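A.B. asks: One structure follows; several queries about it will come next.
The values are calculated or read from the model by the stated rules, or taken from the named source; none is laboratory data. Note that the structure is predicted; figures quoted are calculated from it, not measured. So basically every Cβ, Gly included, is an ideal-geometry build from the backbone, and we count neighbours across all protein chains shown.
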């Protein structure tokens, strides 16, 4: 059932009221459109918790659908994304990266909700040699951690803070697709631990220090052990997720994605569809969406993400990722925002898409 156009200035979309027995396939047939087009249109305009992966989500009452004629007119007014080459490549070009980001993680278990918030600075380091296959990125903590919006001053937190402080500044190796691959600071971190060992020992009693020292020793046994430990960092994995790549003529790809949705557990494998909107949004940003579900057919687990890139340099302005682990009654959400939220002015340029 089609409702009146939603409240938008150009009436370019409407709401379809979901009826009993409706499926994505049956709705697509009613509207005479492809299922993928229906899903993509809805996801591009909905809140992340309302995005579609496989089938309809149980809480949804409406889908956002296109008023085709008005939508064509609206799309013609939009600025096209500048892809590189005929392969529809969104390049990873972090040459101007020196930004401060706010990171907010929300963990929901049943009715209980907890937030963890901190600010970081990301900066590209100048390499010793000219090459384009990888980049060195330095990550610095620039604020204290806030839990549920408040500063934490417990003894347990102070121990965790000392452990975490040894990792930063953290230097990582990122490939040409914007995906992190390795560390570039292992030796510096080991030296940092050696230099700070006595100072940390003086701050805690014997039992606490021994526990802390053993924990650190296990994490920095070698580079691989440290990489495994850091691989569970939601911010790191969300930001350097490998979204800069070649797309198809339909501006989408299917791929496997691994994400550490549960602490201290192996990554969950999701089968996702990754799409890029070929037009800039109303804020002059490139939009990328990822929707998918777990490869494990015995569990109900969903993954949704949205990325917003600066069209002048393809650097992430903000992102949002949500993992919905239905069987565990658990959700996590990671939101990252550039603290410099000034309006983006488009550079003049010529499309390299030929």
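A.B. asks: So which pairs qualify, if the first residue must be in the stretch 202-217 and closer than 12 Å to residue 155 by Cβ, the second must be outside any helix (DSSP H, G or I), the Cβ gap must be under 8 Å, and the two must be at least 6 apart or on different chains?
C.D. replies: Correct list of pairs: 212/204.
A.B. asks: Here's something else I'd like to know. Could you tell me which residue of the stretch 329-342 is nearest to residue 119 (Cα to Cα), considering only residues that are in contact (Cβ under 8 Å) with a residue 60 or more places away in the chain and out of contact with any strand residue (DSSP E or B) (no Cβ under 6 Å at 6 or more places or on another chain)?
C.D. replies: So the first thing to find is which residues in the stretch 329-342 are in contact (Cβ under 8 Å) with a residue 60 or more places away in the chain, and the list is 329-340.
Adding the requirement that they be out of contact with any strand residue (DSSP E or B) (no Cβ under 6 Å at 6 or more places or on another chain) leaves 329, 340.
Numbers: 329: 28, 340: 12 Å.
By that ranking, first place goes to 340.
A.B. asks: Touching a helix residue (DSSP H, G or I) at 6+ places or on another chain (Cβ under 7 Å), on the phi < 0 side of the Ramachandran plot, in the same structural domain as residue 183 (by TED's automatic domain parsing) and at pLDDT below 75, is that true of residue 158?
C.D. replies: On the way: touching a helix residue (DSSP H, G or I) at 6+ places or on another chain (Cβ under 7 Å): no; on the phi < 0 side of the Ramachandran plot: yes; in the same structural domain as residue 183 (by TED's automatic domain parsing): yes; at pLDDT below 75: yes.
Spelling it out, it is not the case that residue 158 is touching a helix residue (DSSP H, G or I) at 6+ places or on another chain (Cβ under 7 Å), on the phi < 0 side of the Ramachandran plot, in the same structural domain as residue 183 (by TED's automatic domain parsing) and at pLDDT below 75.
A.B. asks: Here is a further query. Please enumerate the residues belonging to the stretch 33-48 that are within 19 Å of residue 307 (Cβ to Cβ) and free of Cβ contacts under 8 Å to residues at least 12 places away in the same chain.
C.D. replies: Matches in the stretch 33-48: 47 only.
A.B. asks: I'm trying to understand the selection: among the residues of the stretch 322-354, which are closer than 30 Å to residue 86 by Cβ and at pLDDT 75 or above?
C.D. replies: 344
Results for (1) modelled with pLDDT of 95 or more; (2) on the phi > 0 side of the Ramachandran plot; (3) crowded, with 17+ Cβ neighbours inside 10 Å, shown as yes or no for each residue.
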position	(1), (2), (3)
85	no, yes, no
88	no, yes, yes
95	no, no, no
100	yes, no, no
105	yes, no, yes
109	no, no, no
115	yes, no, no
129	no, no, no
133	no, no, no
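A.B. asks: Search the stretch 244-264 for residues being under 29 Å from residue 109 (Cα atoms) and crowded, with 16+ Cβ neighbours inside 10 Å, and hand back the single one that is modelled with the lowest pLDDT. It would help to see each step written out before you state the result.
C.D. replies: Step one: list which residues in the stretch 244-264 are under 29 Å from residue 109 (Cα atoms), which gives 255-264.
Still in the running and crowded, with 16+ Cβ neighbours inside 10 Å: 257, 259-262.
Working: 257: 95, 259: 94, 260: 92, 261: 90, 262: 86.
Within the stretch 244-264, the match that is modelled with the lowest pLDDT is 262.
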